[in-house]
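Engineer: Below: one structure in structure tokens.
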There are 2 protein chains.
Amino acid sequence: MSEHLSRVGTNGNRKPSATIYDIARELDLSPSTVSRALNKPGRVAAKTEQRIRDAAAKLGYRGNPMARSLPTGRTRMLGLVVSDVTNPVFFRLVRGAEQACGELGYTLVLAESQESGEVEYGTLDRLLPAVDGVVLAAARLEDDQIRQIAASKDVVLINRRVGELPAIVPDIDGGVAQAIDHLATLGHTSIAYLAGPATSWMSRERGERLFEHAVARGLTFVEIGPTSPDLGGGQSALRRVQASGVTAVLAYNDLMAIGLLRACRAEGIDVPGDLNIMGFDDIFGADLTTPALTTVRSPLDRAGDAAVRSLVATFDGSEPAAPDPLPTEIVVRESTAAPH
Amino acid sequence: MSEHLSRVGTNGNRKPSATIYDIARELDLSPSTVSRALNKPGRVAAKTEQRIRDAAAKLGYRGNPMARSLPTGRTRMLGLVVSDVTNPVFFRLVRGAEQACGELGYTLVLAESQESGEVEYGTLDRLLPAVDGVVLAAARLEDDQIRQIAASKDVVLINRRVGELPAIVPDIDGGVAQAIDHLATLGHTSIAYLAGPATSWMSRERGERLFEHAVARGLTFVEIGPTSPDLGGGQSALRRVQASGVTAVLAYNDLMAIGLLRACRAEGIDVPGDLNIMGFDDIFGADLTTPALTTVRSPLDRAGDAAVRSLVATFDGSEPAAPDPLPTEIVVRESTAAPH
DNA sequence: TCACTCGTGGCAATCGGTTGCGATGTGGAA
DNA sequence: TTCCACATCGCAACCGATTGCCACGAGTGA
């Protein structure tokens, strides 16, 4: 066919996969008929369609997604951007998204922003042209940057709100209320919030809600941080926590809570005897620590699933069905108890 | 331009992004010149190239990966298939792969096979046409299926060997030797291996190596399983372990080891007093358990990185540089000790 | 028997880039 | 001044699939 355009791919010696042209030639039909037979049900005679399907199967036809996406403008690929792939918080989220993609016939492209808004923006720059839409989980971007992205592609946010953009956010307030109630009931009167990164919407939000509920219950409340939302961040915050004189700490996430727990053990501070520690999310491992971590669970797998479905629904024109609320709930384990 | 082909995408009201044709028109040049200026360094006059770059920046040109991949046959996308995204083993692997992809200008497509060879094969069917190559991590496929895939795309295996196909496999033997040595030195004389899925090459391999080293040291050795490679698998194996009468168990992976640990705690069995437990991989959380888990660490992040680089090297024609060996090493914590 | 409708399938343009080859123009050497 | 070489850029085919419009033929009603 091509005389002067030699395939440059490094695909080497592999045989190129069959195209609709191959099928058409085999059956002495036109490529357009083949195309229609394969994805416009009823458009061609049933008998012809069957012949085409048989030939396709025989030739091992697989379709070329790139070629298809050129005229249609749709790639059937979705981007998922998380701030840190090694953070267990995201595992369930990724799985939820991945499974939903699979069911809906989409392909998931994963990207990591390494807790940096800049990296995230650069990554998105590369990602955007290739996908039909993006799920931004725990984005470290400025509101404006997110709006800008939303201007060129459909976007669904997880754990963040920016204006009216579609967002999947679990019911923060419910879990926070339960947490404060739990601590107040145990008899604590002064609590601290160990904040995550300043760029994290969710960290600010949890802090706000905690603050409100704490003062509503007449508790003393202080905020410590911001710090990095990982083990190290929790670990390094111990001295500030001690200095604050509180009897209970809520960390922005479980990773930080576990880090703090470790620091306590290293310093010989008894948890929950001397200090109560709570986290958020109920990640894998939260029940493995000693003492096991009391935490506020959020259904991230369902969030991932919901985000993808909402995105795909937008593509199909239908306004996404109002996603059912994602309740958060406290999981009481061993790191909380009544203060002396 | 198009009179009778109305864009079907649901991209709605968004403005289409600029193309090389827009740039060409703006500068009164030909699209081919624009194309060359943008990716054939030196092929067009420096002054022209600069004008083109300026115009591209001004118009916010982003290139269309689909359009580019059509003539070249290369998508600059890599597939990564893992058996279970929520298994912490893979987190570091995914990160390693993701970062390497980023550096090399590739996009990572993540897929999960849910521990099922069938699902994996189906997933790959959808994935293959879209990527330049695939990294198969802990594949649950038959050797033949893998060979078949390798016939159409470049493949790199992680934690598995199939014939001469490129594979990144950590030095299993070294870690196993250390593990057996550790237990033997402590005074254990009978040990068990708790196997993972029968379809897991790595599980069989670890079992084999353990067997060899155990008999070489004159230890009694039994194998239990196969079971699912997760918490549940470990948990449900406790009775078989007890029945075997061994004083030390090595589980196929940390998840199973932790599951077994939990079952022990529930049954009031003291670890390491009554039973020693070891795992493999040193996943996140292995040091959080009580007692903290002794395990054989394997550098999965480096494996992910190496796999991607090796894949990309093949594309560029150059035979992949022999990857440096990935040593495994025992991490002694609290779940092993001398038997009574 | 004639005309009209409807079911089928083909034609050809198009998506956005890439690239072999040829056309053009400039500069330098003879 | 003439000729030639080389640097630059344009032409046009092509990657594989989609789709609006049209042509053809068979079946139906008048």
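What follows is calculated from the coordinates using simple rules that are stated; it is not laboratory data. Bear in mind the structure is a predicted one, so any value in this text is a computation, not a measurement. Cβ coordinates were reconstructed from backbone atoms using ideal geometry, including for glycine residues, and neighbour counts include every protein chain displayed.
Engineer: What does the average come to when, for each residue of peptide A:86-97, you count the partner chain Cβ atoms lying within 10 Å of its Cβ?
Structural biologist: Working: counts 10, 3, 6, 0, 2, 9, 2, 2, 6, 6, 2, 2.
Taking the mean over all residues of the peptide, I get 4.
Engineer: Something else now. Gain in length, A:Ala46 to A:Glu164, computed as 0.36 nm per residue apart minus the alpha-carbon separation, to one decimal in nm? Mind showing how you got there, number by number?
Structural biologist: Values: separation 118, 0.36 × 118 = 42.48 nm, distance 4.69 nm.
Residue separation times 0.36 nm, minus the Cα-Cα distance, leaves 37.8 nm.
Engineer: Still on this structure, I have one more. Once every Cα of segment B:20-63 carries one equal point scatterer and solvent is ignored, give the base-10 log of I(q)/I(0) from the Debye formula at q = 0.18, 0.26 Å⁻¹, two decimals.
Structural biologist: -0.39, -0.85
Engineer: Positive end of the charge dipole of the protein assembly as shown (Lys, Arg +1 and Asp, Glu -1 on Cβ, about the Cα centre): tell me which of A:Ala177, B:Ala138, A:Val296 has its Cα farthest that way.
Structural biologist: About the Cα centre, the residue reaching furthest to the positive side is B:Ala138.
Engineer: When the distances between all Cα atoms of the protein assembly as shown are binned every 10 Å from zero, what whole-number percent does each bin get?
Structural biologist: In order of increasing distance, the bins hold 3, 14, 22, 23, 19, 11, 6, 2, 0 percent.
Engineer: Relative contact order for chain A: what percent, with Cα pairs under 8 Å and sequence separation of 6 or more? The partial results should precede the final answer.
Structural biologist: On the way: 630 pairs, mean separation 52.8, N = 340.
Relative contact order, chain A: 16 percent.
Engineer: Which net charge results when you count Lys and Arg as +1 and Asp and Glu as -1 among the other residues whose beta-carbon is under 13 Å from that of B:Arg262?
Structural biologist: Details: positive: B:Arg265; negative: A:Asp287, B:Asp230, B:Asp254, B:Glu267.
Here the count lands on -3.
Engineer: Sort A:187-194, A:247-254 by packing, meaning the average of other beta carbons within 10 Å per residue, with the highest value first.
Structural biologist: For the peptides A:187-194, A:247-254, the packing ranking is A:247-254, A:187-194.
Engineer: Using a label point 7 angstrom from Cα along Cα-to-C-beta, what distances in nm, from shortest up, separate B:Leu59 from the other copies?
Structural biologist: Listed shortest first, these distances are 3.6 nm.
Engineer: Give me P(r) over segment A:172-298, computed from all C-alpha to C-alpha distances, binned every 10 Å, as integer percentages.
Structural biologist: Histogram of Cα-Cα distances, whole percents per bin: 14, 52, 32, 2.
Engineer: Now for a separate question. Using 0.36 nm per residue of separation minus the Cα-Cα distance, give me the extension gain between A:Leu70 and A:Thr290 in nm, one decimal.
Structural biologist: Values: separation 220, 0.36 × 220 = 79.20 nm, distance 5.50 nm.
Full-extension gain reported as 73.7 nm.
Engineer: Still on this structure: Determine the shielding of peptide A:63-75 by partner chains: average, over its residues, the number of Cβ atoms on other chains within 10 angstrom of each Cβ.
Structural biologist: Working: counts 2, 6, 8, 15, 5, 2, 8, 5, 6, 5, 8, 6, 4.
Going residue by residue through A:63-75 and averaging, the value is 6.
Engineer: Using a label point 7 angstrom from Cα along Cα-to-C-beta, what distances in nm, from shortest up, separate B:Gln145 from the other copies?
Structural biologist: 4.0
Engineer: What's the local net charge at B:Ala55, with K and R +1, D and E -1, over the other residues with C-beta under 9 Å away? Present the calculation step by step, with values, prior to reporting the outcome.
Structural biologist: Values: positive: B:Arg51, B:Arg53, B:Lys58; negative: B:Asp22, B:Glu26, B:Asp54.
Result for the neighbourhood of B:Ala55: 0.
Engineer: Averaging sequence separations of C-alpha pairs under 8 Å and six or more residues apart, then dividing by the length of segment B:172-298, give the relative contact order as a whole percent. If you can, show how the numbers build up before the last one.
Structural biologist: On the way: 234 pairs, mean separation 29.8, N = 127.
Reported as a whole number, the value is 23 percent.
Engineer: Let me ask something else about it. Could you give me the radius of gyration and the Dmax of segment B:86-149, taking only the C-alpha atoms into account and expressing both in angstrom?
Structural biologist: 12.2, 33
Engineer: Can you compute 3J(HN,Hα) from phi for each residue in segment B:116-121, using the Karplus curve 6.51 cos²θ - 1.76 cosθ + 1.60 with θ = phi - 60°, rounded to whole Hz and x for Gly and Pro?
Structural biologist: Taking θ as phi minus 60°, the curve returns 10, x, 5, 4, 4, 5 Hz for segment B:116-121.
Engineer: Between A:Asp316 and B:Val119, what is the spin-label point distance in nm, taking each point 7 Å from the Cα along the Cα→C-beta axis?
Structural biologist: 2.2
Engineer: Let me ask something else about it. Which of the residue pairs A:Lys47/B:Lys153; A:Lys40/A:Lys153; A:Lys153/B:Lys40; A:Lys47/B:Lys15; A:Lys153/B:Lys58 have a Cα-Cα distance greater than 31 Å in the structure shown?
Structural biologist: Working: A:Lys47/B:Lys153 34 Å; A:Lys40/A:Lys153 27 Å; A:Lys153/B:Lys40 29 Å; A:Lys47/B:Lys15 42 Å; A:Lys153/B:Lys58 20 Å.
Going by Cα-Cα distance, A:Lys47/B:Lys153; A:Lys47/B:Lys15 fall outside the 31 Å limit.
Engineer: Oh, and also: Using Cα pairs under 8 angstrom and six or more residues apart, how large is the relative contact order of segment A:20-63, in percent? Kindly include the intermediate steps, with their values, before the conclusion.
Structural biologist: On the way: 35 pairs, mean separation 17.0, N = 44.
Relative contact order comes out at 39 percent.
Engineer: A follow-up question, please. Would you give the gap between the C-alpha center of segment B:65-82 and the C-alpha center of segment A:187-207, rounded to a whole Å?
Structural biologist: Cα centres, segment B:65-82 to segment A:187-207: 43 Å.
Engineer: Something else about it: How far apart, in nanometres, would the label points at B:Arg265 and A:Arg25 be if each is projected 7 angstrom from Cα along the Cα-to-Cβ direction?
Structural biologist: In this crude spin-label approximation the distance works out to 6.5 nm.
Engineer: At a Förster distance of 41 Å, what's the computed FRET efficiency of B:Ser236 paired with A:Thr185, Cβ-Cβ distance as r, to 0.05? Please list the in-between numbers first.
Structural biologist: Numbers: r = 37 Å, r/R0 = 0.90.
Using R0 = 41 Å, I get an efficiency of 0.65.
Engineer: Just to be sure I understand the curve: with the Debye formula and one point per C-alpha of chain B, what is log10 I(q)/I(0) at q = 0.09, 0.14 Å⁻¹?
Structural biologist: Cα-only, vacuum Debye calculation for chain B: -0.59, -1.06.
Engineer: Follow-up. Label-to-label distances across copies for A:Glu223, with labels 7 Å out along Cα→Cβ, in nm, shortest first?
Structural biologist: The projected label point of A:Glu223 is separated from its counterparts by 5.7 nm.
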